[in-house]
Amino acid sequence: MGRSEELFKRAQKCIPGGVNSPVRAFGAVGGQPFFAERAKGAYLYDADQNRYLDYVCSWGPAILGHAHPEVVEEVQKACVDGLTFGVCTQKEVELAELVTECVPDIEMLRLVNSGTEAVMSSVRVARGFTGRDKIIKFAGNYHGHSDGLLVKAGSGLMTACVPDSAGVPASCAADTLMAVYNDAASVRRLLEENTGQVAAVVVEPVAANMGVVVPKPGFLEELRRLTRAHGALLIFDEVITGFRLALGGATAYTKVSADLHTFGKIIGGGMPLAAYGGKKEIMSCVAPLGPVYQAGTLSGNPVAVTAGLATLRILKAHTEIYDQIDRQGARLEAAYRKRGLTVNRAGSLLSAFFTPGWREGAGGSVENYEDACRCDKDAFARYFWHMLSQGIYVAPSQFEAMFVSAAHTDEMIGDTCKAVEAWRP
């Protein structure tokens, strides 16, 4: 019995399913998960000393690669000063200033601990600012596990074929209206049917929790127009896309502005940190300036802020990283397309879909939740285990993304392309 297998058996006795986040259980691909022991650059090492070329990158944060020496050095120095203070620090101010400098939409922001907190708080702010209760979200978009947003969410819930979570009262979801991603007409109908009642439309500007699904031309622009026309706010959930598509996030990438943005993953540089922010007029509703209450003991944790600040400073100083990882993503896209797979990509964020007809090279497009649900999950599972056998770790679910980091070299990308070419269904 290997150490990973032994650890999984131990974990199942004291942790639900043996994991602290459902997709880690490998339930969508069968078999048992490996347990990581360390990571460096583009590689993960498991408890049995197997090495994997990593395209999960901790689900996105490791844009510079694992354990980047400059980030680690800064974190180590921060730890010596103390792990948590519960009072204000200079680095919180510096991080907020850097984000507002990079993202033109952001004039004020509040630091929190997770993407779930960030989106939950942004929705509360939208309701407080507009005096309205209803929100519109899109089937297949995942915005964390807060009750009101856990309705037809993507990612882990799609993997388990559970569209809604037990334990969420119907009353909590009653004010959540469901639209179809890439279908602005579905949003228009909801806004017209609920005139003066919708506080916000919340959307992943590039969806990445039903696999990567890119916005069709004009879709985000129409959301911007519709929300303004109906007095609702537009919230970009950038927990994944923030600082990955571009230093300025989705606004820089798509040229569409939002009223509120949420950030996670990269903003923490691998540590638990997230943020939500927007125009000063809106964010002034947040306590202690306004009546919208939100607080957190560990919000702005000095070690997490240090990791995020170091990461964003490197990205700002070396914006050529974005061109590099975009080129690598394009190489991977080409390799998967040669195998007849449907590929959606936005920069260094991509997914290969096993759509109906993929064996004949006639796979269709994936533009929304329903398209993603029609994919061949069994074929994906076989592909996943082939890649893992070649020492390449991709997400253990058809409905997750591949992430390219600055640590992925040309040779590594080439080896991955060869593994894709060698795969036999």
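The values are calculated or read from the model by the stated rules, or taken from the named source; none is laboratory data. The structure displayed is predicted, hence computed values, not measured ones. Positions of Cβ are backbone-derived with ideal geometry, glycine not excepted, and every protein chain shown enters the neighbour counts. Side chains included, ligands, DNA and RNA excluded: accessible areas come from the protein's heavy atoms. Shrake-Rupley method; radii C 1.70, N 1.55, O 1.52, S 1.80 Å.
Structure data summary
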item	result
Matching residues in the stretch 299-329 - criterion: being in a helix (DSSP H, G or I) and either closer than 20 Å to GLY115 by Cα or at pLDDT below 95 (or both)	PRO302, VAL303, ALA304, VAL305, THR306, ALA307, GLY308, LEU309, ALA310, THR311, LEU312
Pairs with Cβ under 9 Å, 6+ apart, first in the stretch 365-390 and within 16 Å of GLN32 (Cα to Cα) and of a type in the set (Phe, Trp, Tyr), second open to solvent by less than 20 Å² (accessible area, probe 1.4 Å) and part of a helix (DSSP H, G or I)	TYR383/VAL420
Strands (runs of 3 or more DSSP E) wholly inside the stretch 1-89 containing at least 1 residues that are in contact with a Lys or Arg (Cβ under 8 Å, 6 or more places away or on another chain)	43-46
Per-region count, the stretch 83-127, residues modelled with pLDDT of 95 or more and under 15 Å from ASP237 (Cβ atoms)	17
From ALA381, ALA372, residue being part of a helix (DSSP H, G or I), open to solvent by less than 10 Å² (accessible area, probe 1.4 Å) and closer than 30 Å to LYS137 by Cα	ALA372
Residue tally, condition under 14 Å from MET210 (Cβ atoms) and acidic (Asp, Glu), over the stretch 340-393	3
Candidates TYR336, TYR322, TYR383 - the one that is under 25 Å from VAL203 (Cα atoms) and either in contact with a helix residue (DSSP H, G or I) (Cβ under 9 Å, 6 or more places away or on another chain) or β-branched (Val, Ile, Thr) (or both)	TYR322
Flag for LEU332 being touching a strand residue (DSSP E or B) at 6+ places or on another chain (Cβ under 7 Å) and part of a helix (DSSP H, G or I)	yes
Residue match in the stretch 409-423 (condition: surrounded by fewer than 20 Cβ atoms within 10 Å (Cβ to Cβ), in a loop (DSSP other than H, G, I, E, B) and either under 19 Å from the mean Cα position of the chain (by Cα) or modelled with pLDDT of 95 or more (or both))	yes
Test: ARG339 is farther than 22 Å from PHE138 by Cα, in contact with a strand residue (DSSP E or B) (Cβ under 9 Å, 6 or more places away or on another chain) and surrounded by fewer than 22 Cβ atoms within 10 Å (Cβ to Cβ)	yes
Selection status of GLY296, more than 30 Å from LYS77 (Cβ to Cβ), of a type outside the set (Val, Ile, Thr) and in a loop (DSSP other than H, G, I, E, B)	no
The stretch 128-153 residues that are without any contact (Cβ under 8 Å) to a residue 24 or more places away in the chain, paired with ones that are open to solvent by 50 Å² or more (accessible area, probe 1.4 Å) and assigned to a strand (DSSP E or B) (beta carbon under 9 Å, 6 or more apart)	LEU150/ASP164
Selected residue (only one of GLY140, GLY156, GLY148 is small (Gly, Ala, Ser) and either more than 28 Å from VAL29 (Cα to Cα) or at pLDDT 95 or above (or both))	GLY148
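Residues are listed down the side, and each one gets a yes or a no for (1) farther than 24 Å from GLY414 by Cβ; (2) in contact with a Phe, Trp or Tyr (Cβ under 9 Å, 6 or more places away or on another chain); (3) open to solvent by 20 Å² or more (accessible area, probe 1.4 Å); (4) not acidic (Asp, Glu):
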residue	(1), (2), (3), (4)
LYS40	no, no, yes, yes
TYR45	no, yes, yes, yes
ASN50	no, yes, yes, yes
ASP81	yes, no, yes, no
THR89	yes, no, yes, yes
GLU92	yes, no, yes, no
